[in-house]
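For reference, the structure discussed in these notes is given below.
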Amino acid sequence: MLASVRAMSGNGDVKVRAAVSRGVGMATSVEELVLAAPGAGEVRVAIDACAVCHSDLMFLDGGWATDFPVVLGHEAAGHVVELGEGVDNVAVGDRVVVSLIRACGECRACRRGHDVACTGDLALRNRSPLSDLNGDPVAHGLGTAAFAEQVVVHRSQVAAFPDSVPSEAAALLGCGVLTGVGAVTNTAQVGEGESVVVIGCGGVGLSVVQGARLAGADPIIAVDPLVSKQESALKFGATHATGPDDTADRLTGATGGRLADHVFVTTAAPGAFAGATGLLDRMGSLVLVGIPAEGVTFDIDPGVLAVANQRILGSKMGTARLAEDVPRLVDQYLSDQLDLDGMVTSTYSLDEIDTAFAEARSGEAIRTVVVFDHSGHTGNSTR
């Protein structure tokens, strides 16, 4: 096995093992790549755990376009091993959540607190820190590339967490849980006693369920064609669970005839979007969390939307701000309000990543996590 890297400041470029995807439908290969040293405002993180998100599968299966070869993975946790110039929000040795949310802090979106819409001209937006042993570039998947022993990311992409949180649990805060809970608290701002429908009960959907429970929503109707996912939703806080065909009846039965104050579509399945507006009450909000394949559309009646004073809200990454949302979610986890451990279905090594992808594709897993063992490994600098 090739050696992992535990780089210290000033070591320069290093070699790391990474899962490289070279085309749609192709098997992933674990290869040795060169990872550049962090530049100004950047950090190098040794990855301890990275969950498989359906966004990774969308690239692998051709639903979304990407450059190949690419290293994917963006829902991760690790520990800081090197700092670039000017980084002051974390220190070497800190355990950190790693996310794709990258914010310059200076553009109009960032000044308004909209980190997920940052338009700043950061160096990592114009170059990949990864290359193969021939010097050819390898794409930095979703600006993170965490199916690798180490990553280089912008300082805004990391948030520290305490040793009392297991890495496998903390990794979920990089995307799935951050997105789901954030869609409830940040995007829709669900209030106590409001009715919620959650369409799709994968990792993000179950995080929406947990966020709705934390917000005091009632009822919370979870919708999924898989009975196992319905059962999971009830364990995570849904008051009712049903298949797609019975949603309206279960909703009105639970509310005494009213429709939903909020409907969250968390799946990328095209059919989930079509009937979602029909579940909304007056003044209700339709929150689009799941992102389907490119080119998918659905019809709405603008007259109905206007007369009922309804809203359609996009929710990228739960409209989250990493530095604020991660500490709050950690506190909720440590106080037993937020269940992260129960969302980890299974763990695999980096060499088993195609098996991890297959399990995530099956729809049966909540979150499949790739874990890294850095114990006893030595440095492997390229110079």
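What to note about this one:
- Of the beta bridges in the chain, as assigned by DSSP with both residues counted there, near 60 percent are antiparallel.
- By definition, a body whose alpha carbon gyration tensor gives a ≥ b ≥ c is rounded when a/c is under 1.5, and the stretch 176-319 falls into this rounded group.
- Within a Gaussian network of the chain (alpha carbon springs, distance under 10 Å), most fluctuating of 44, 111, 213: 111
- Per-pair calculated FRET efficiency, R0 = 22 Å: residue 364 and residue 245 via Cβ, rounded to 0.05: 0.55
- Taking label points 7 Å from Cα along the Cα-to-Cβ direction, residue 67 and residue 331 give a separation of 4.1 nm.
- Unit charges on C-beta of K, R, D, E only; dipole of the chain, Debye: 760
- 222 nm mean residue ellipticity, helices alone, for the chain (DSSP H n ≥ 4; -39,500 (n - 2.57); rounded to 500): -6000 deg cm²/dmol
- Highest-first arrangement of 310-322, 47-59, 157-169, where packing means the average Cβ count within 10 Å: 47-59, 310-322, 157-169
- Choice from 61, 245, 281 showing the highest fluctuation, given a GNM over the chain with Cα pairs closer than 10 Å: 245
- Rounded if a/c under 1.5, otherwise prolate or oblate - the stretch 189-268, Cα gyration tensor axes: oblate
- Among 348, 333, the order by Cβ neighbours within 10 angstrom, fewest to most, reads 348, 333.
- Hz values of 3J(HN,Hα) by residue in the stretch 263-268 - Karplus curve (6.51, -1.76, 1.60), Gly and Pro given as x: 10, 9, 9, 10, 9, 8
- Counting other Cβ atoms within 10 Å as a rough exposure proxy, the listed residues 29, 207 run 29, 207 from fewest neighbours to most.
- A dipole drawn for the stretch 105-180 from +1 and -1 charges on Cβ atoms has a positive end, and of 156, 117, 170 the residue lying farthest that way is 117.
- Rough spin-label spacing in nm, given labels placed 7 Å along Cα→Cβ, for residue 282 and residue 91: 5.8
- Note on residue 22 and residue 117: their simple-model spin labels are 4.2 nm apart, each label 7 Å out from Cα toward Cβ.
- Rounded if a/c under 1.5, otherwise prolate or oblate - the stretch 303-362, Cα gyration tensor axes: oblate
- Span-like helix ranges in the chain, DSSP H, alpha carbon extent 15 angstrom or more, Kyte mean at least -0.5: 203-215, 322-334
- Near the amide H of residue 264, within less than 5 Å, lie the amide hydrogens of 197, 198, 199, 287, all on another chain or at least 5 residues away, with H placed in the peptide plane.
- DSSP beta bridges confined to the stretch 176-319 are antiparallel in about 0 percent of cases.
Just so you know, all these numbers are worked out from the coordinates, no wet-lab data involved. Nothing here was measured: the structure is a model prediction, and the numbers come from that model. With ideal geometry, Cβ positions are generated from the backbone for all residues, glycine too; neighbour counts draw on all protein chains shown.
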